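I have placed the structure first, in the form of structure tokens, so that the comments after it can refer back to it.
The values are calculated or read from the model by the stated rules, or taken from the named source; none is laboratory data. The shown structure was predicted, so the numbers you read here are calculated from the model rather than taken from an experiment. FYI the Cβ positions are ideal-geometry reconstructions off the backbone, even for glycines, and counts take in every protein chain you see. Please note that ligands, DNA and RNA were not included when accessible areas were found on the heavy atoms of the full protein model with its side chains. Shrake-Rupley method; radii C 1.70, N 1.55, O 1.52, S 1.80 Å.
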Amino acid sequence: MFNDIGPLELVTLIVLAVLVFGPDKLPKVIQDVMRTVRKIREFSESAKQDIRQELGPEFKDFEFEDLNPKTFIRKQLDNDELGLKEIRNGFDLKKEMAEVTDAVHSRESESSSSSSASGDRVDMTKKPDERPPYDADAT
């Protein structure tokens with residue numbers, strides 16, 4: 001509950017509580033806060049149980065934490081029924097990129113040789129010999 005509160009912050013909160021409520025009323029305030037927290041927890045647990053009962057026996061393994069998108073996706077990706085671990089382990093990115101690069105370069109050399117044979121194609125990889133005129137007024 002207090003994972004992200006440091007010791008100095010906790011001491012500051014205690015000193016503020018003593019100053020605001022006074023040493024006489026502080027135990028009563030702490031009891032009231034704890035009673036409220038318990039009631040909220042009981043209410044949420046009863047609501048979860050009601051939802052589970054309404055869903056029926058086919059959803060007996062339903063967890064409310066699974067409604068968080070990150071948890072849901074992580075759980076689905078870790079599920080070995082789909083065989084995603086095998087696919088992930090069998091995928092070699094360097095090999096795939098080398099194959100794609102080789103395919104692109106071989107097609108590029110084929111297209112440049114075929115474009116020189118047919119005059120109606122425009123070679124988009126060839127850079128123009130001259131630059132367009134510079135217009136100082138346009139900038």
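Couple of notes before you dig in:
- Across the stretch 30-79, the qualifying residues are those that are touching a helix residue (DSSP H, G or I) at 6+ places or on another chain (Cβ under 6 Å) and open to solvent by 100 Å² or more (accessible area, probe 1.4 Å), and the one among them that is nearest to Leu13 (Cα to Cα) is Glu65.
- Screening the candidates Gly90, Gly56 for the property of being over 29 Å from Ser44 (Cα atoms) and either modelled with pLDDT under 75 or not hydroxyl-bearing (Ser, Thr, Tyr) (or both) yields one hit, Gly90.
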